[in-house]
1. Would you look at the GNM of chain B, springs on alpha carbons closer than 10 Å, and say which of B:73, B:230, B:278 moves the most?
2. Which whole number gives the average count of other chain Cβ atoms within 10 Å of the Cβ atoms across peptide A:23-36?
3. If you average the alpha carbon positions of segment B:78-154 and of segment A:50-89, how far apart do those two centres end up, in angstrom?
4. Go ahead and run the numbers for FRET between residue B:47 and residue B:263, Cβ-Cβ distance against an R0 of 56 Å, rounding to 0.05.
5. With a Förster radius of 30 Å, plug the Cβ-Cβ distance of residue B:34 and residue A:86 into 1/(1 + (r/R0)^6) and report the FRET value to the nearest 0.05.
6. Reported to two decimal places, what Rg/Rh ratio describes segment A:90-131 when computed on Cα atoms with Rh from the Kirkwood expression?
7. Label residue B:58 and residue B:138 with points 7 Å out from Cα along Cα→Cβ: what is the distance between them in nm?
8. Residue B:270 to residue B:156: extension gain in nm, 0.36 nm per residue of separation minus the Cα-Cα distance?
Amino acid sequence: MSEEFKVEIVNPEKSFLSEENVTEVIIPAFEGEMGILKDHISIISFLKPGIIKVYSKSEEKKYFVEDGIVEFKDNNLSILTSSIFKISDLDRNKIDQIVKDAEKETAVDNIDDQKKYLIDQKIEVLKNLNLN
Amino acid sequence: MASLDDLKKRISSVKSTQKITKAMKMVAAAKLRKAQENAEKGRPYSKKMNNIILNLSSGISDKENAPKLLSGTGEDKTHLCVVMTSDRGLCGGFNTNITKKAKQYFQKILKENKVLKIITVGSKGYDQLKRQYKENIVEKISFKDSKNINYFDADKVGKIIIDRFEKKEFDVCTIFYNQFKNVITQIPQEQQIIPLKTNEEKETNSDSSYEFEPEEDEILSNLLPKNISTQIFKAMLENSASEQGSRMSAMDNATRNAGEMVDKLTIQYNRSRQAAITKELIEIISGAESL
């Protein structure tokens, strides 16, 4: 039996990615990274800033997301997100720009903890990305 | 009767109007294709979002403590209406249809002695509503500067709405927009977004055996604000497709009417030219005969 399932990533403007035959997807869920294989239990969760890794037999794709919701049901994985970038499309300048914007956001005084946490996460992920 | 010279001037002016409307039609047609594509691309997101929320809300155990955005404030006193129109005119009945629909709703609300608040998105809607409902309009938003519709703008509107909701400024929120069906038909829609109506037919009768991480209500309270922005965004996309479609058919009509008018004026021009010639001939002949 095949080990493959379907993944779909949608952002408000369009369907970002739709693949029928992925073997594993790793998502940065809110309470920690989560790997999803075929026949995973139905789950709804949301994302924190991080890297989505999509594995199929032949290749591996990486995406950077800032937020989103994940639904897995009947071997269909749907990821709804408002900001997603393919990592191979990002270059150092762009990353620096996003980090700078994020740092500006944390500099505001009356920021609530959760927001700060999320932005810190984002910065950390991006900075680590730089090393690759 | 108009003189020959006047007729000539009118013909040329109608012709140049026709050129303009024709050009506008072409532009609208090109934009329509893009807008339509965008609207179609945007649909899966809002549909999926809706599905997830339906699944979540049916799975929520404690209805009493459900987030306010879902269940409402428990009151029905103040209504907020978000009227979404275009920023540009010359698009047929597009804006009028929305405001007409909205005005019906306003009247119903005012008759029931409830408080009415209006937010207009797009300057044309504001222009049409300010005469009658000036004191009800609490905010006007316009995205004249942004060239394309983007989620960022929709999110801004969504945040404004949620902000006002959290300040307890209203109980029920309804948005008005045109749904794009095809080039000639756009259906004005009213859609209630707060509290969220969950009695829509469910797509799948899932037994909602979902696992949630974190808890349902936490996910819901994160998701609902996003859903509002998403619904606004959807409305904006539908609106822009409708606007272009409506403009296209309006300009098509205008071009055709201008053509008819040119034909009619040309016939009139030729007739009076002929009449003048005949008159002159008669004068010459009768002059010659009298000699």
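1. B:278
2. Numbers: counts 0, 0, 0, 0, 0, 0, 2, 5, 2, 1, 0, 1, 0, 0.
Per residue, the average neighbour count from other chains is 1.
3. After rounding, the separation between the Cα centres reads 37 Å.
4. Numbers: r = 49 Å, r/R0 = 0.87.
Rounded to the nearest 0.05, the efficiency is 0.70.
5. Values: r = 23 Å, r/R0 = 0.76.
Efficiency for this residue pair is about 0.85.
6. Dividing the radius of gyration by the Kirkwood radius yields 1.01.
7. 3.3 nm
8. Extra length from residue B:270 to residue B:156 when fully extended: 35.1 nm.
Rule-based calculations on the coordinates, nothing more; no lab input. Everything numeric in this text was worked out from a predicted model, so none of it was measured. Because the Cβ atoms are built from the backbone with ideal geometry, glycine has one as well, and the counts that use them run over all protein chains shown.
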